[in-house]
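First up is the structure itself, then whatever we jot down about it.
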Amino acid sequence: MLVWVILADQIDSRRHDDEVPHLLHALTSPALLVSPTGHSVGTPEWALPPERTSGDEIQALTTDPASLIHAMWTVGSGQWRIGVSRGNVNTPLPDSTRAARGPAYILAREAIEECRRRRAAIHVCPNNTNKMRRFSQVSQVVVDLARGMRPAARDVAMSYDLSMSSDETARSLGISTSAVSQRLTRARWEYLVETRQLAVDLAQDAQ
């Protein structure tokens, strides 16, 4: 069974609070799911849902490119290393991702180790084809954009990701609607969505 495996490892976890519970909640809650032609709010599709595998690591399995890019965007917003792989897993699938086996899991582990060696935010493995190389490149852009957002802009972008209006966003954040507009402009929300749409498109091509 061909799948995407994503492995996230919290950076400097001994010096920071445990962010695993927060990330698990974010990865399984309604979110912006994009396609090459549009976007809508939905629940991410996991073949095996995200779990803590050991210490400060999270692992998940999906066949859905939109859910994969949502995970990259979400994990990229925090201090995490991200290893992504495309490959086979053994079937039938177990109930837990911790019990799953197959080459895709080995490749995801290699991707995380490559992140550590390069001090990179994300690595996609294998990337030895043109399609996978293009997907790897856009994945780095997605994570860089997520990581580079200021907290105020990220809060507004998250509200718009969930289809909240300017008034609803203003009330939830305790700011004015004009402040929402200004933060949204600085965040370049439409560009952020379009970048994720491109990433989904290239992930579909690489499948």
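Here, each number is a calculation from the coordinates, and none is a lab measurement. The structure displayed is predicted, hence computed values, not measured ones. Every residue, glycine as well, gets a Cβ built from its backbone with ideal geometry; the counts of neighbours run over all protein chains shown.
Quick notes
- Radius of gyration, Dmax [the chain; alpha carbons; angstrom]: 16.8, 53
- Considering only L192, L32, L107, the Gaussian network model of the chain with Cα springs below 10 Å gives its largest mean-square fluctuation to L192.
- Full-extension gain in nm, R101 to V141, via 0.36 nm per residue minus C-alpha separation: 11.4 nm
- Computed [θ] at 222 nm, deg cm²/dmol, the chain (DSSP H ≥ 4; -39,500 (n - 2.57); rounded to nearest 500): -16000 deg cm²/dmol
- Cα-based shape type of the range 112-207, given that a ≥ b ≥ c are square roots of the gyration tensor eigenvalues and the cut on a/c is 1.5: prolate
- Translational diffusion coefficient (Stokes-Einstein; Kirkwood radius from C-alpha pairs) of the range 105-158 at 37 °C, 0.692 mPa s, in µm²/s: 265 µm²/s
- Taken along the Cα-to-beta-carbon direction at a fixed 7 Å, the label points for N128 and A179 span 5.3 nm.
- Compared with the direct C-alpha span, the chain from E114 to T63 gains 16.0 nm at full extension, assuming 0.36 nm per residue.
- Highest-MSF residue in the chain out of I82, I112, I175 [GNM, Cα springs under 10 Å]: I175
- Karplus 3J(HN,Hα) series, Hz, for the range 79-96 with 6.51 cos²θ - 1.76 cosθ + 1.60 (x for Gly, Pro): 8, 9, 8, 10, x, 10, 9, 10, x, 8, 10, 6, 10, x, 5, x, 6, 10
- Global size of the range 53-104 as Cα Rg and Dmax, reported in angstrom: 11.9, 34
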